[in-house]
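Asks: Got a structure for you, written out below as structure tokens; questions coming shortly.
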Amino acid sequence: MQVMQRPVENRDARGLMRLMADAFADYPHCFLEVELEEPGLRAPADHHPNLQVLEAEGRVVGCIGWALTRPGVIELKKLYVDHALRGGGWGRILVAWVEEQARAQGATVVELWTDTKFKTAHAVYQHLGYQPTGETRPLHDISETLEYHYQKNLE
């Protein structure tokens, strides 16, 4: 299967929603509620300009994005990889892309927030050099999400 990374387009909306809903479905009481919590997914290129997708055979099979949160700090956002591609290094490739973007923006730190339920993601982030800060935050969403904070110094 040939996989291509490219900038998000609004036509990717359904594929992104499917990708994220599939990822959330792996965990009990974890739901994607687009209308209330992720309305920007309806027109992702308009709402997430720094989002990239992985596409294979016309399907969205992965995504990642970033946002400048404060001077010198970029937040890694929306890392999802289709079940069929997991374990194949695509998460590492996508995270490396965000780190390249961070350096290009002059950032020295990449941070992220990840659901406490996503244990595999925690292991991946730590393998890639991200360290838990001990900080948590509740999202007050339909899934009753509590997130862990991680960060990596790029210097």
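Asks: Taking Leu154 as the residue in question, decide whether it is of a type outside the set (Phe, Trp, Tyr) and closer than 20 Å to Ala23 by Cβ.
Replies: no
Asks: Any residue in segment 44-54 that is more than 26 Å from Arg103 (Cβ to Cβ) and at pLDDT 95 or above?
Replies: yes
Asks: If I go through segment 126-155 residue by residue, how many of them are charged (D, E, K, R) and either in contact with a Cys (Cβ under 8 Å, 6 or more places away or on another chain) or closer than 18 Å to Leu79 by Cα (or both)?
Replies: 2
Asks: Which one is farthest from Leu94 (Cα to Cα), of the residues in segment 1-31 that are among the aromatic types (Phe, Trp, Tyr) and out of contact with any helix residue (DSSP H, G or I) (no Cβ under 8 Å at 6 or more places or on another chain)?
Replies: Tyr27
Asks: Please find, within segment 105-129, the residue that is surrounded by the fewest Cβ atoms within 10 Å (Cβ to Cβ) out of those that are in contact with a helix residue (DSSP H, G or I) (Cβ under 9 Å, 6 or more places away or on another chain) and part of a helix (DSSP H, G or I).
Replies: Selected residue: His127.
Asks: On to the next question. Does Glu135 meet the test of being assigned to a helix (DSSP H, G or I) and either modelled with pLDDT of 95 or more or hydroxyl-bearing (Ser, Thr, Tyr) (or both)?
Replies: Judged against the criteria, Glu135 is not a match.
Asks: Go through segment 1-104 and tell me which strands (runs of 3 or more DSSP E), entirely inside it, have 2 or more residues that are surrounded by 20 or more Cβ atoms within 10 Å (Cβ to Cβ) and aliphatic (A, V, I, L, M).
Replies: Output list reads 51-56, 59-70, 73-81.
Asks: How do the pairs read when you match residues in segment 50-66 that are touching a residue at least 12 places away in the same chain (Cβ under 8 Å) and over 16 Å from Ala23 (Cβ atoms) with residues anywhere that are of a type in the set (S, T, N, Q) and in a strand (DSSP E or B), using Cβ under 6 Å and keeping only pairs 6 or more apart or on different chains?
Replies: Every condition considered, the pairs that remain are Gln52/Gln5.
The values are calculated or read from the model by the stated rules, or taken from the named source; none is laboratory data. Bear in mind that the values here come from a model prediction, so they are computed numbers and not experimental data. Please note: Cβ atoms are built from the backbone with ideal geometry, for glycine as well, and neighbour counts cover all protein chains shown.
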